[in-house]
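Student: Dropping a structure here in structure tokens format, bear with me for questions.
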Amino acid sequence: AYGTKQGARRFYDHTALTLAKLGLKQCPNEPCLFRYLYEGEECYLLQYVDDSLISGNPKALKQLQQQLHKHFKCKFNKPKDFLGLDITHTQPGEITLSMESFSTKMAEVLKLQDTYPGEIITPGRTDKKIIKGQEPQENTAYRSHVGTLNWLSMGVRFDIVYTTKELSRVLSEPTKVANEIVNRALLYVKRTKSA
């Protein structure tokens, strides 16, 4: 799945075809989501390259697991995380999601120094506007920092979506204001990692 540029795509194509042969129906709006119906009971499979989440009625789950074992090497474990999301099983049938582990690792990898003396209660600034070409300021880490924020916003950190969108507008040529705001947004995430 990871050996070539097309490896993940080929693996997905093979998996999707196999799942269709097993009777799973692919969601027309989200191609990574599949529905399985067995004797009137249903379960769902969410596929991301070689990681999957399966949830649903126990009878349908058991049947689907047996079918999957015939075609793939599978391990079925209660997940603790998936694609950067922390999954906590609070009680049967209930889960909570967070990105605390990802945010903690992000702060460590980026070696974020939290020297800002005041509170940071929003990721962006309403008093500053990011304008393409205005005061360009080189930052070789800018693209990866915005990419990290983007990954968080696709998980459960919807509070940073607008700021990330604005930062993305100047990926090829960051500005002085964009560099200030990306640093602020990263510190905001670090300080609110349990959100």
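The values are calculated or read from the model by the stated rules, or taken from the named source; none is laboratory data. Source: prediction; values computed, not measured. Glycine gets a Cβ as well: all are built from the backbone with ideal geometry, and neighbour counts include every protein chain shown. Heavy atoms of the whole protein, side chains included, go into the accessibility calculation; ligands, DNA and RNA do not. Shrake-Rupley method; radii C 1.70, N 1.55, O 1.52, S 1.80 Å.
Student: Counting only residues 5 or more places away or on other chains, whose amide H sits under 5 Å from the amide H of SER52 once H atoms are built in the peptide plane?
Tutor: Here nothing satisfies the definition.
Student: If you only keep lysine pairs separated by 8 or more in sequence, or across chains, how many in region 92-195 come under 14 Å at the Cα atoms? Please list the in-between numbers first.
Tutor: Values: LYS105/LYS190; LYS105/LYS193; LYS111/LYS190; LYS128/LYS176; LYS129/LYS165; LYS129/LYS176; LYS132/LYS165; LYS132/LYS176.
Counting lysine pairs in region 92-195 gives 8.
Student: A follow-up question, please. Please work out how much accessible surface LYS70 shows to a 1.4 Å probe, ignoring ligands, DNA and RNA, in Å² rounded to 10.
Tutor: 140
Student: How big is the shadow of the Cα convex hull of the chain, averaged over all directions, in nm²?
Tutor: Numbers: hull surface 56.4 nm².
Answer in nm², one decimal: 14.1.
Student: Okay, moving on. In the neighborhood of VAL189, defined by Cβ-to-Cβ distances under 12 Å, what is the net charge if each Lys or Arg adds +1 and each Asp or Glu adds -1? List each step's numbers first, then the result.
Tutor: Working: positive: LYS105, ARG157, ARG184, LYS190, ARG191, LYS193; negative: GLU100, ASP114, ASP159.
For residues surrounding VAL189, the net value is +3.
Student: In percent, how large is the relative contact order of region 92-190, given Cα pairs closer than 8 Å and 6 or more residues apart? Let's see the in-between values first.
Tutor: Working: 97 pairs, mean separation 43.0, N = 99.
Reported as a whole number, the value is 43 percent.
Student: Divide by every residue of the chain the summed helix terms, -39500 (n - 2.57) for each DSSP H run of at least 4, and state the resulting mean residue ellipticity at 222 nm, rounded to the nearest 500 deg cm²/dmol.
Tutor: On the way: 6 runs with 76 residues, N = 195.
Using -39500 (n - 2.57) per qualifying helix, the result is -12500 deg cm²/dmol.
Student: Here's something else I'd like to know. Could you grab the Rg to Rh ratio for region 69-129? Cα atoms only, Kirkwood for Rh. Don't skip to the answer; put the middle values down first.
Tutor: Numbers: Rg = 18.5 Å, Rh = 15.6 Å.
The Rg/Rh ratio comes out at 1.19.
Student: Same structure, new question: Where the only charges are on Cβ atoms (+1 Lys, Arg; -1 Asp, Glu), what is the dipole of region 1-79 about its Cα centre, to the nearest 20 debye?
Tutor: Numbers: 12 positive and 7 negative charges, 55 e Å.
Charge dipole of region 1-79: 260 debye, to the nearest 20.
Student: To test your reading of the geometry: what angle, between 0 and 90 degrees and rounded to tens, separates the Cα axis of helix 7-21 from the longest principal axis of the chain?
Tutor: Orientation of helix 7-21: about 40 degrees from the principal axis.
Student: Kirkwood hydrodynamic radius for region 93-173: how many Å is it when counted over pairs of different Cα atoms? Write out the running numbers ahead of the final one.
Tutor: Working: mean 1/r = 0.0691 Å⁻¹.
Value: 14.5 Å, from the Cα pair sum.
Student: Mind putting a number on the dipole of the chain about its Cα centre? Charges go on the C-beta only, +1 for Lys and Arg and -1 for Asp and Glu, and I need it in Debye to the nearest 20. Each step should come with its number before you reach the end.
Tutor: On the way: 28 positive and 21 negative charges, 95 e Å.
Magnitude of the dipole: close to 460 debye.
Student: Right, here's the next one. Would you list which lysines come within 21 Å of LYS25, measuring only between C-alpha atoms, while excluding same-chain residues fewer than 8 positions from it?
Tutor: LYS25 reaches LYS59, LYS62, LYS70.
Student: Counting only GluC sites (Glu not before Pro) that sit in a DSSP loop (anything but H, G, I, E, B) with at most 10 other Cβ atoms within 10 Å, what is the longest stretch of the chain containing none of them? Write down the numbers at each step before the final one.
Tutor: Values: sites that count: GLU39, GLU119, GLU138.
In the chain, the maximal stretch lacking such sites is 40-118.
Student: While we're here: Would you mind checking the tilt of helix 176-191 against the longest principal axis of the Cα atoms of the chain, expressed as 0 to 90 degrees and rounded to 10?
Tutor: Helix 176-191 and the main axis of the chain meet at about 50 degrees.
Student: With a Cα-only, solvent-free Debye model of region 1-60, what are the log10 I(q)/I(0) values at q = 0.27, 0.30 Å⁻¹?
Tutor: The Cα Debye sum returns log10 ratios of -1.14, -1.27.
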